Amino acid sequence: MRYPASEKLEIIQLVEQSHLPARHTLQKLGIPRATFHRWYDRFLTGGVEALEDRRPWPKRVWNRIPEAVRERIIELALNRPELSPRELAVTFTDAESYFVSEASVYRLLKAHDLITSPAFIVIKAADEFHDKTTVPNQLWQTDFTYLKVVGWGWFYLSTILDDFSRYIIAWKLCTTMRVENVTDTLNLALAASGCDNSRLMQRPRLLSDNGPCYIAGGLADWLSEKNLKHTRGSPSHPQTQGKIKRWHQTMKNRTASCSKTTSCQAISKPRSQPSSSTTIIDAITRASTISRPPTSTSGAARPFCCNDKGSSERPSNCGACTIARPPPNLITEMGQNLR
């Protein structure tokens with residue numbers, strides 16, 4: 001139990017004025033004699049103020065930098081303001097033969113307000129493109145989206161969208177997201193749009209996010225050979241590829257809504273009942289929001305690759321081939337199992 005200084009003074013006065021011996025008085029008060037004598041010695045030397053409880057604090061920290069060394073560090077920092085805390089620590093150790101760590105120098109400089117804030121460059125993404133597209137095939141947006149089909153596995157849809165017309169120039173359904181998948185989709189887009197002609201002076205500019213397949217060196221070399229420029233959006237800013245992400249969401253919503261009907265009327269709205277050979281190709285093609293697709297890209301969205309349903313083989317990585325006998329009712333099955 002801790003006693004305030006006023007109570008300690010009362011106990012001392014009570015023991016002094018008592019007619020009983022000090023040992024008996026302290027025994028009745030329940031205070032050890034060693035504690036009382038310590039209080040009494042402090043009272044005789046320092047008065048009432050010395051009876052205040054002092055916070056437990058070590059007399060000396062074993063690894064504390066002496067004040068003389070601290071002053072020399074501050075003096076060195078003032079004489080050499082161009083040095084960083086790490087450089088100051090190394091310089092002081094070499095010059096004074098006294099080791100100080102970088103963290104100690106940093107804390108010492110910060111306590112004396114000698115640390116300057118770094119000149120941060122704040123980069124913020126704009127709300128819209130400053131140089132908007134004016135003609136087709138001027139800017140292509142590309143991205144991957146995930147498709148999970150129970151019993152089939154994960155598929156990755158690579159898409160090339162024209163920024164001006166929002167038309168899906170080419171797409172490819174892949175089992176991986178590698179550079180080869182991106183280049184295959186770009187080859188389909190170049191062939192469908194006619195931009196693979198070497199006589200064209202204006203080549204499309206590619207816009208993508210910062211995914212691993214888009215920042216790879218292999219893609220950069222391939223784009224350099226094709227004379228295509230590449231622009232990547234700001235990190236954590238998917239609005240830059242808002243058009244193609246909006247189309248991916250629309251495609252998934254319309255594909256999922258097909259599971260609620262017995263036909264694909266929610267996607268394609270055909271006049272007659274579609275045959276059993278209708279695949280996800282038609283769903284993805286008709287899910288585009290463009291009303292008048294260019295005739296030069298009418299055959300671009302045709303590649304599809306998968307294994308027959310129930311096969312133990314994994315789908316091949318070459319999604320650019322066209323399957324002759326696609327699984328029946330695949331669009332309804334993918335709509336039910338899409339997650």
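The strands (runs of 3 or more DSSP E) found wholly in the stretch 131-245 and carrying at least 3 residues that are within 26 Å of the chain's Cα centre (by Cα), aliphatic (A, V, I, L, M) and assigned by TED's automatic domain parsing to the domain that holds Ala256 occupy 153-162. Just one of the listed residues (Asp94, Asp143, Asp127, Asp113) is buried (at least 20 other Cβ atoms within 10 Å of the Cβ) and acidic (Asp, Glu), and it is Asp143. Of the residues examined, Arg86 is not one that is exposed (fewer than 14 other Cβ atoms within 10 Å of the Cβ), in a loop (DSSP other than H, G, I, E, B) and touching a residue at least 12 places away in the same chain (Cβ under 8 Å). Residues of the stretch 163-218 that are touching a Cys at 6+ places or on another chain (Cβ under 7 Å) and either at pLDDT 90 or above or not charged (D, E, K, R) (or both): Leu173, Met177, Arg178, Val179, Asn181, Val182, Pro204.
The requirement of being among the polar types (S, T, N, Q) and farther than 20 Å from Ile244 by Cβ is satisfied by Ser224.
Selection of first residues in the stretch 25-36 that are touching a residue at least 24 places away in the same chain (Cβ under 8 Å) and of second residues that are assigned to a helix (DSSP H, G or I), restricted to Cβ pairs under 6 Å at least 6 apart or on distinct chains, gives the following pairs, ordered by first then second residue: Phe36/Leu26.
Could you tell me whether any residue of the stretch 51-61 is at pLDDT below 90, among the β-branched types (Val, Ile, Thr) and either in a helix (DSSP H, G or I) or in contact with a Gly (Cβ under 9 Å, 6 or more places away or on another chain) (or both)? No, because not a single residue in the stretch 51-61 is at pLDDT below 90, among the β-branched types (Val, Ile, Thr) and either in a helix (DSSP H, G or I) or in contact with a Gly (Cβ under 9 Å, 6 or more places away or on another chain) (or both). Among the residues of the stretch 97-110, those that are of a type in the set (A, V, I, L, M, F, W, C), under 14 Å from Pro66 (Cβ atoms) and surrounded by 13 or more Cβ atoms within 10 Å (Cβ to Cβ) comprise Val100, Leu108.
The values are calculated or read from the model by the stated rules, or taken from the named source; none is laboratory data. Since the model is a prediction, treat every value here as computed from it, not as a measurement. Cβ atoms come from the backbone with ideal geometry, glycine included; neighbour counts cover every protein chain shown.
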